[in-house]
1. Taking only the range 66-90 into account, find how many residues are touching a Ser or Thr at 6+ places or on another chain (Cβ under 8 Å) and either under 30 Å from G218 (Cα atoms) or of a type outside the set (D, E, K, R) (or both).
2. Looking at the range 297-320 only, could you name the residues that are in a loop (DSSP other than H, G, I, E, B) and within 21 Å of the chain's Cα centre (by Cα)?
3. Kindly provide the set of residues from the range 269-313 that are free of Cβ contacts under 8 Å to residues at least 40 places away in the same chain and of a type in the set (D, E, K, R), ordered by number.
4. Could we say that T327 is at pLDDT 90 or above and either assigned to a loop (DSSP other than H, G, I, E, B) or more than 13 Å from the chain's Cα centre (by Cα) (or both) here?
5. Run T13 past the list (1) under 28 Å from Q349 (Cβ atoms); (2) surrounded by fewer than 19 Cβ atoms within 10 Å (Cβ to Cβ); (3) polar (S, T, N, Q) and report the number of the one that doesn't hold.
6. Among the residues of the range 63-72, is any among the small types (G, A, S) and either within 27 Å of G260 (Cα to Cα) or touching an Asp or Glu at 6+ places or on another chain (Cβ under 6 Å) (or both)?
7. Kindly provide the set of residues from the range 123-143 that are surrounded by fewer than 20 Cβ atoms within 10 Å (Cβ to Cβ) and not small (G, A, S), ordered by number.
8. Go over the candidates T118, T25, T96 one by one and state the one that is of a type in the set (S, T, Y) and either free of Cβ contacts under 8 Å to residues at least 40 places away in the same chain or more than 17 Å from L290 (Cα to Cα) (or both).
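The values are calculated or read from the model by the stated rules, or taken from the named source; none is laboratory data. Everything numeric here is computed off the predicted structure, so don't read it as measured data. Cβ placement follows ideal geometry from the backbone for every residue including glycine, while neighbour counts extend to all protein chains displayed.
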Amino acid sequence: MVSHLDSFIPAQTIAEAIQRIHALTGSTDTGRGEKRAVVALRDALELDIDIVRTNAAVGEIIAESLGVDWDHRRHTAKTKLTLDGLNQLLCGATITYRQGKLRRVSVAPAGLVGPDWTAFNPARNKLEAVTRIASLTNSPRESLGPGSKERKSVLVNLSMALFPNSDTSLSKTRLGESLANSLGVNWTDSCYSTGETVSLEGLNLILAGAERKLGRLGDTALSALGTPQEEGAALAWALRQGIEDFWDGKDSIRWMADNGVRGSKDNEWQGFYFEAKAREVLGSAFSPPLVQPRVKYGNTTFDYSLNHVWDLKAHTAFQIDDVRKMTRKTPGSLILNDANAIRSCVEEQGLGFLIGSGTARMDLDGSFVTWHRQFKGKPAKPSNSTSSRTRKVAFMPTSVEAFWIDNTPHLNSLISGGQLKFVTQGRQPPRRAGESGAPRADKVLMTIRTSRDTDFKVAGFTWG
């Protein structure tokens, strides 16, 4: 990597790297994988590169422009870019973006023609569009319906706030057209579909008109997320919308291995799977700020940042016992991060946690652990306790919640209230049977159930 950045988090998968490049450049992922991402970088840097050249060749030229080191052995695989290569470009592009030298290549709706609209920052997806529209008038936070379909309420609330005498009984697409006319923007056939769906172009048109009317042209998604509480709610909702509701253990582990994601050989695979999938979802949903917060403290790097720092955790709330035909509730606590890292981050800037809770189906007959050991291709490591925990065959998320610690006094109050406590960790697994493993640093334990009833929790959404 070009240089050490306490605020840069390398992508864990190629898909995450691609989404984050699109977020930096303001471009839209059209399903063409890394080719579209490197073209977006080329355009954002205003380079004259023939795109018929291979991704590896284009990547090398872009790397030179960004001033980052390039190693063919690590950064390319024949004509393609490796994850290391994409991360090298992503890191260099992040530095350039923060310096204000990366041109946004987002395309405004066709109806916004002329210099009056140059300041407008189009929403990159519908979730961003409805979030920003709602925030303009301090309306309730908006969600998307089945199939990522916008809800009529986003248009109703905007109409009532800006044009109290408007007819909100109109159908959704007719109401969108009425709003566009009132806002002085050109509603076209590409703004809606016959299935009573307003397109992203239509939502952007209404967003632009509303921003102009309110004197807020030039706002971004980050403008709508001014507080950690608002940001936590938006991030949690994006995860609820973007993460699937069933994770098969074997499929998830194979996916992690195929994509180079750490954790495919770990007993608690679901935590690593959640982290990787969540980072892809959030990388696609939100463009980063010009100045990002520090995420690395000692040996701990927190998982995600926007305006604020967040860590991602999966929590098993229930376990399904297929032998006894019963579902068992777990104790309701989970280990967070290194205690010193949490204290340092909270003292400097606050810290949040995005927690995906769910139900695990347990491997009671041992067939899954047998498969997993064969998948690893090596014998199990010795255990300090001489016993092995029961593995999870599958995981079904039921909720995603955002928790936020404001500062050191808030952290101390949560410790006093029993929501958090510092715990000594058991040793690492020994290298050889009969030996003792290396010691672990103290961590922080969170009690989920009591935390939900305090100001620690800022948002939560459920599946089903």
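1. Residues flagged as touching a Ser or Thr at 6+ places or on another chain (Cβ under 8 Å) and either under 30 Å from G218 (Cα atoms) or of a type outside the set (D, E, K, R) (or both) within the range 66-90 amount to 7.
2. Initial filter on the range 297-320 (in a loop (DSSP other than H, G, I, E, B)): 298-299, 302-303, 306-308.
Those that are in a loop (DSSP other than H, G, I, E, B) and within 21 Å of the chain's Cα centre (by Cα): F302, D303, L306, N307, H308.
3. Answer for the range 269-313, where residues must be free of Cβ contacts under 8 Å to residues at least 40 places away in the same chain and of a type in the set (D, E, K, R): just K277.
4. Values: at pLDDT 90 or above: no; either assigned to a loop (DSSP other than H, G, I, E, B) or more than 13 Å from the chain's Cα centre (by Cα) (or both): yes.
Criteria not met by T327.
5. That leaves (2) as the condition not met.
6. Keep residues of the range 63-72 that are among the small types (G, A, S), which gives 63, 65, 67.
Subset that is either within 27 Å of G260 (Cα to Cα) or touching an Asp or Glu at 6+ places or on another chain (Cβ under 6 Å) (or both): 63, 67.
Checked the range 63-72: at least one residue is among the small types (G, A, S) and either within 27 Å of G260 (Cα to Cα) or touching an Asp or Glu at 6+ places or on another chain (Cβ under 6 Å) (or both).
7. Answer for the range 123-143, where residues must be surrounded by fewer than 20 Cβ atoms within 10 Å (Cβ to Cβ) and not small (G, A, S): T137, N138, P140, R141.
8. Details: T25 fails: either free of Cβ contacts under 8 Å to residues at least 40 places away in the same chain or more than 17 Å from L290 (Cα to Cα) (or both); T96 fails: either free of Cβ contacts under 8 Å to residues at least 40 places away in the same chain or more than 17 Å from L290 (Cα to Cα) (or both).
When all the criteria are applied, what remains is T118.
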